[in-house]
């Protein structure tokens, strides 16, 4: 665990950029350009953390979670489902939906997953790149629970512990494992980890 | 080669749904729910097809290409970049842009990649889930060529050969390798492969 977290923290320190407004830009390795080898290390750590949970499906949300989720599904040897933020023309059938407020984009949107891909006997691990206010994660939990499936927990790349999402979701009883936990970010670009 | 193509064709026959208007729904294994083990087989086949090309980066476009591209990057041991369809608040710096007409959504949109992640010495393999009219692929080629990097080719999951994109891009001299090639789809739900 220490090793993977150290690798990720080192990468954030080296390549992350702190932007005004508490935004951390990690688009060189996580959410614009992606480093699949790093994702394999992260997924192996998540497999260790959720080893006892009999995960049979991964759920994430487009767009930035998909790469890490797909590698995690490869390591867990299970399918990966991503919630969509828009209803495309080629989507058919019935959907579970949830409303998600985006603090980044300043709006409220609906997310969708097909009812065909979640059922009551599923054990779902949720994956996302960031956990801050917890809005996306809360929406994903809602989608799973509408289906009757079990949320076994959430695996997050980077949690901003100075925002309330992690505490809120953990207080609801969910196992949330964040591979890097940021306590604060300074206006000088400094990053302090937990 | 035959094996991977047969596995993918079998999966399309078994799980794909032909919808009105020439739409093939493969959201049980390719672009809503994803099968990472299948993607590894596909990526290994792409590595064989592009073995001589010294690929050092994968490029795709959000959303549906990301999962396959990320697994392909893992197999090629190189980073994966995805073009964005929207300019998010947390995107900074300068971008290469291209205009892409979507026949699925009936609009023209701009796609973006950061100039930081494409440079003249890169050898780029483009990955996407579908090739039909070739609009997205043409846009991705434009992004790469604006940077001076080389497009070594494109690896596509499913090509609809009854639409013109594949011919257009190949006539421009690019190596386009499609792992499944669909010649026609019938109103009765039948699918004929090349």
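The values are calculated or read from the model by the stated rules, or taken from the named source; none is laboratory data. Note that the structure is predicted; figures quoted are calculated from it, not measured. Because the Cβ atoms are built from the backbone with ideal geometry, glycine has one as well, and the counts that use them run over all protein chains shown.
Numbers below:
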{"read-out": "Strands (runs of 3 or more DSSP E) contained in the range A:79-194 and holding at least 2 residues free of Cβ contacts under 8 Å to residues at least 60 places away in the same chain and in contact with a strand residue (DSSP E or B) (Cβ under 7 Å, 6 or more places away or on another chain)", "value": "A:80-83, A:95-102, A:107-114, A:150-160, A:176-185"}
{"read-out": "Residue match in the range B:40-52 (condition: in a helix (DSSP H, G or I), free of Cβ contacts under 8 Å to residues at least 24 places away in the same chain, more than 8 Å from chain A (Cβ to nearest Cβ) and at negative phi)", "value": "yes"}
{"read-out": "Hey, residue B:103 more than 9 Å from chain A (Cβ to nearest Cβ), at negative phi and surrounded by fewer than 19 Cβ atoms within 10 Å (Cβ to Cβ) or not", "value": "yes"}
{"read-out": "Of all residues in the range B:29-39 being in a helix (DSSP H, G or I) and surrounded by 24 or more Cβ atoms within 10 Å (Cβ to Cβ), the one that is nearest to the other protein chains (Cβ to nearest Cβ)", "value": "B:36"}
{"read-out": "Every residue from the range A:53-78 that is assigned to a loop (DSSP other than H, G, I, E, B) and either at the interface with chain B (Cβ under 10 Å from one of its Cβ atoms) or at positive phi (or both)", "value": "A:54, A:62, A:63, A:64, A:65, A:77, A:78"}
{"read-out": "So residue A:19, is it over 18 Å from residue B:75 (Cβ atoms) and either modelled with pLDDT of 95 or more or more than 8 Å from chain B (Cβ to nearest Cβ) (or both)", "value": "no"}
{"read-out": "Evaluation of residue B:175 against (1) surrounded by fewer than 17 Cβ atoms within 10 Å (Cβ to Cβ); (2) more than 15 Å from the chain's Cα centre (by Cα) (one fails), failing number", "value": "(2)"}
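Residues checked against (1) within 30 Å of residue A:21 (Cα to Cα); (2) surrounded by fewer than 17 Cβ atoms within 10 Å (Cβ to Cβ):
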residue	(1), (2)
B:51	no, yes
B:58	no, no
B:82	yes, no
B:86	yes, yes
B:107	no, yes
B:111	yes, no
B:120	no, yes
B:131	no, no
B:134	no, no
